[in-house]
1. Is it the case that Gly141 is out of contact with any His (no Cβ under 7 Å at 6 or more places or on another chain), small (Gly, Ala, Ser), at pLDDT 85 or above and buried (at least 18 other Cβ atoms within 10 Å of the Cβ)?
2. Before we move on, is Glu41 free of Cβ contacts under 8 Å to residues at least 12 places away in the same chain and more than 17 Å from the chain's Cα centre (by Cα)?
3. Show the residue pairs that are 6+ apart or on different chains and have beta-carbon atoms under 6 Å apart, the first residue being within region 227-254 and without any contact (Cβ under 8 Å) to a residue 40 or more places away in the chain, the second being surrounded by 11 or more Cβ atoms within 10 Å (Cβ to Cβ) and of a type in the set (Lys, Arg).
4. List the residue pairs whose Cβ atoms are under 9 Å apart, where the first residue sits in region 125-136 and is on the phi > 0 side of the Ramachandran plot, the second is surrounded by 21 or more Cβ atoms within 10 Å (Cβ to Cβ) and among the aliphatic types (A, V, I, L, M), and the two are 6 or more positions apart or on different chains.
5. Taking Leu98 as the residue in question, decide whether it is touching a residue at least 24 places away in the same chain (Cβ under 8 Å), in a helix (DSSP H, G or I) and under 23 Å from Arg66 (Cβ atoms).
6. Could you tell me whether any residue of region 108-131 is among the basic types (Lys, Arg), touching a Gly at 6+ places or on another chain (Cβ under 7 Å) and outside any strand (DSSP E or B)?
Amino acid sequence: MSLSDLQGKDTLFWVKDRIFFVRPPAISYLCAMKVLLIEDEPDLAQSIIEYLSGEEYLCEHAATYRDAVEHVMLYDYDCILLDLMLPDGDGLSVLEALKKEHKQTGVIIISAKDSTDDKIKGIHIGADDYLSKPFHLPELGARIYALIRRAQYSSSNIVTSNSLQINLLSKEVLLDGKEISLTRKEFDLLLFLIGNKNRAVSKNALAEHLSGDMADMFDNHDFVYAHIKNLKAKLSRAGCHNSIKTIYGTGYKWME
């Protein structure tokens, strides 16, 4: 079967216990970002794979520690989603193996809420982010997208968007050469929104990005609204208008 035979069709391939979803071509999809999902829970894994495939990621799956180590040793990925509790080993050991190989792949830990200590240890070993189970798939998608975008920024210390210049090292934000003074939270929020430009980001995703697990301690997301309001006001005063769009009932979107 040729690629032309698959035009416009979603195709599912099974190779051992790996699952490959392919949405063929679309030439642009041949350059799709590659994600490795390390997760032993079949239903959850299937849901994540289907969602990420719909978002045009190329997703591979490892359900065991042994298979996960094989994948990270042999292949390169743009992002790895790592469950900590695997049937035949420890997810943190997979992370350690990855870092010993000096691979720069971004890692997001997806873990149960009762494993906070392991998640903290994972961040110290070298994970870039974590997301507590259960989670909404769009939130996971936003984290992956932002992580990959941050990796793409590594070739330059300057991020530009809508006439803004953001220096990732000095954490300065300039518009037409004039600095916009932002708090640390506002700066993090700005980068997260730009990393997900033209995509709606939920208030819950923003809350977890700003506060991690502490987001669960708040009765509402008013603090997200407060940070957004302050950020909007500072950008507007500087001359950057209407970049942050409110998506009612959902969250916010950075328009570019």
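The values are calculated or read from the model by the stated rules, or taken from the named source; none is laboratory data. Just so we're clear, the structure is a prediction, and the values are computed from it rather than from any experiment. Don't worry about glycine lacking a Cβ; one is built from the backbone with ideal geometry, like all the others, and counts go over all protein chains shown.
1. Values: out of contact with any His (no Cβ under 7 Å at 6 or more places or on another chain): yes; small (Gly, Ala, Ser): yes; at pLDDT 85 or above: yes; buried (at least 18 other Cβ atoms within 10 Å of the Cβ): yes.
Here the answer is yes, as Gly141 does meet what is asked.
2. Details: free of Cβ contacts under 8 Å to residues at least 12 places away in the same chain: no; more than 17 Å from the chain's Cα centre (by Cα): yes.
Criteria not met by Glu41.
3. Within 6 Å, the pairs are Lys245/Lys253.
4. From residues that are on the phi > 0 side of the Ramachandran plot, the pairs are Gly126/Leu95; Gly126/Leu98; Gly126/Val107.
5. Criteria met by Leu98.
6. Pass one, region 108-131, residues among the basic types (Lys, Arg): 113, 119, 121.
Those still in the list that are touching a Gly at 6+ places or on another chain (Cβ under 7 Å) too: none.
Looking for residues that are among the basic types (Lys, Arg), touching a Gly at 6+ places or on another chain (Cβ under 7 Å) and outside any strand (DSSP E or B), one finds none in region 108-131, hence no.
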